[in-house]
Structures are given as C-alpha cells and as structure tokens.
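Novice: First, the structure itself, so that you have it in front of you.
All of the numbers you see were taken from the coordinates with simple rules; none came from a lab. Being a predicted model, the structure only gives us computed values, none of them experimental. Quick reminder, even Gly has a Cβ in these numbers, built from the backbone with ideal geometry, and neighbours come from all protein chains shown.
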Amino acid sequence: MRDKELAGEVLQQIQSAAEKIVDRFQPIREASDFTNCPAGVEKMDAICMVLIVIGESLKNLDKITNGALLQQYPDVDWKKAKGMRDILTHHYADINAENLLYLQRQNSPTPKNNNENNKRPGIMALPPRNRMGNN
C-alpha cells in the first residue's frame, strides 16, 4: 500500500512540474527570448531544472512500480523522457535555446498531439540531429 501512495505523490510532483513548465514557456515566442536578457536566461535555467525534476521523478516512479505503470502507456517514449534528465544534468553547458524551444513545440499539448489516432512523438523528443547542444 505504501508504494501506491508514494507513486501517487510522485505523479503529483510530475503534474506540478509539467504545469510549471507550461507556465514558464508562456512568454517565450522565439529562442532569443531566452538569450537576449538575464531574465530570459533565468527562465531557461528554471525550465531545465524542472525538466530534470520530471526525469528524476519518472525514474523513481518506474522503480516504485517495478516498471509496471509506465509500460501501460507505450505511446510515450519513456526512455527519452527519463534520459532528458541525464542530458540536462551532465551536458548542461551544451544546451541551447533553439533546442529547448524545439522540445517544447514538439511536446506541447495540442489537438494534433492529443488525437488518439496519432502517436505522440515521444515526451521530450529531441531534434534528430544534435541532441541539446549545437551541431
């Protein structure tokens, strides 16, 4: 029973973190919004930190549920979602604003992405050529 309660708490953390990301992306229209002023850089840092929290929480959730919960949702690329934490943590200096914006646009909840006939590209899907850093 304790594992079920703990899993619920982790899911709430993930939901809260996802809502923070959506809120923090609201004023961002282009990559330069992250880089043209100190407030933009701070916003990019804050979004990256919350993405780290989500990735770590997903790893914890997978441990708590012995892998049973996430596998029930095969349309989401959980490996990439959990791997985002590793990329952001270990390669933070290589992150660029264009790829963070790409990440948001590919994974934002839109009618197209939520259509049951279309599989999502994978939560936190990265640009195909260059991960989070420059080419």
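Novice: Scan around Asp77 for amide H atoms under 5 Å from its own, H built in the peptide plane at 1.01 Å from N, and keep only partners 5 or more places away or cross-chain.
Specialist: Under 5 Å from the amide H of Asp77 lie the amide H atoms of Gly122, Ile123, each far enough along the sequence or on another chain.
Novice: Nearest 0.05, what FRET efficiency do Leu6 and Arg29 give at R0 = 35 Å with Cβ-Cβ as r? Could the numbers behind the result be given before it?
Specialist: Values: r = 39 Å, r/R0 = 1.11.
So, using R0 = 35 Å, E works out to roughly 0.35.
Novice: Once the Cα gyration tensor of the range 1-94 is found, what semi-axes does its equivalent ellipsoid get, as square roots of 5 times the eigenvalues, in whole Å, sorted largest first? Working shown, then result.
Specialist: Working: eigenvalues 163, 38, 26 Å².
After diagonalising the Cα gyration tensor, the semi-axes are 29, 14, 11 Å.
Novice: Let me ask something else. In sequence order, what are the phi-derived ³J(HN,Hα) couplings for the range 58-71 according to the Karplus relation 6.51 cos²θ - 1.76 cosθ + 1.60 with θ = phi - 60°, rounded to whole Hz, with x for glycine and proline?
Specialist: 5, 4, 5, 4, 5, 5, 4, 9, 6, x, 6, 6, 5, 5
Novice: Still on this structure: Quick one: what are the phi-derived ³J(HN,Hα) couplings along the range 9-22, Karplus 6.51/-1.76/1.60 with θ = phi - 60°, whole Hz, x for glycine and proline?
Specialist: The phi angles translate into 5, 5, 4, 5, 4, 5, 4, 4, 5, 4, 5, 4, 4, 4 Hz.
Novice: Identify all aspartates and glutamates with a Cα-Cα distance to Lys63 below 18 Å; exclude those on the same chain that are fewer than 8 residues away in sequence.
Specialist: Answer for Lys63, where 18 Å is the Cα cut-off: Asp3, Glu5, Glu9, Asp77, Asp86, listed by chain and number.
Novice: Additional query: For an R0 of 22 angstrom, estimate the FRET efficiency from the Cβ-Cβ distance between Tyr73 and Val22 and round to the nearest 0.05. Don't skip to the end; give the middle numbers.
Specialist: Numbers: r = 19 Å, r/R0 = 0.89.
After rounding to 0.05, the efficiency reads 0.65.
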